[in-house]
C-alpha cells in the first residue's frame, strides 16, 4: 500500500514541477475538471439522498462516501480523458492541414 501511495506522490510532484511539460499539464487539468464535477454530484446524491428518502437508515451517507462519489469521479475522469484524446486528435489534424 505504501509503495502505491509513494508512486502517486512521486507522479504528482513530477507533474507539478514540469517533468511532463505544459501540454500534459493542461490536458490533465482539462480532464480532471469533469471528474470533480461528476464526482461531486455523485457524492452529494449518495450522501444526502439516503438522508432524504430513508432517514431511519443509519449507514445511508456511506453510500456517497464509498460508492457513488468514487464511481462518479472515475466516470467523469474517463469522460474527460476521452474528450481530451478526441480534442488532441482534432488539433493535430488541423495542424497538419495548415
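Tabulated data
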{"read-out": "Meets criteria (assigned to a helix (DSSP H, G or I), exposed (fewer than 12 other Cβ atoms within 10 Å of the Cβ) and over 18 Å from the mean Cα position of the chain (by Cα)) for residue 5", "value": "no"}
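Each row is one residue, and each column tells you yes or no for (1) under 23 Å from residue 10 (Cα atoms); (2) surrounded by fewer than 15 Cβ atoms within 10 Å (Cβ to Cβ); (3) in contact with a strand residue (DSSP E or B) (Cβ under 8 Å, 6 or more places away or on another chain).
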{"site": "21", "(1), (2), (3)": "yes, yes, no"}
{"site": "27", "(1), (2), (3)": "yes, no, no"}
{"site": "30", "(1), (2), (3)": "yes, yes, no"}
{"site": "37", "(1), (2), (3)": "no, no, no"}
{"site": "44", "(1), (2), (3)": "no, yes, no"}
{"site": "52", "(1), (2), (3)": "no, yes, no"}
{"site": "60", "(1), (2), (3)": "no, no, no"}
{"site": "74", "(1), (2), (3)": "yes, yes, no"}
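Computed from the coordinates by the stated procedures, all read-outs in this text should not be read as laboratory data. These figures come from a predicted structure and were not determined experimentally. Here the Cβ is made from the backbone with ideal geometry for all residues, glycine too, and neighbour counts use every protein chain on show.
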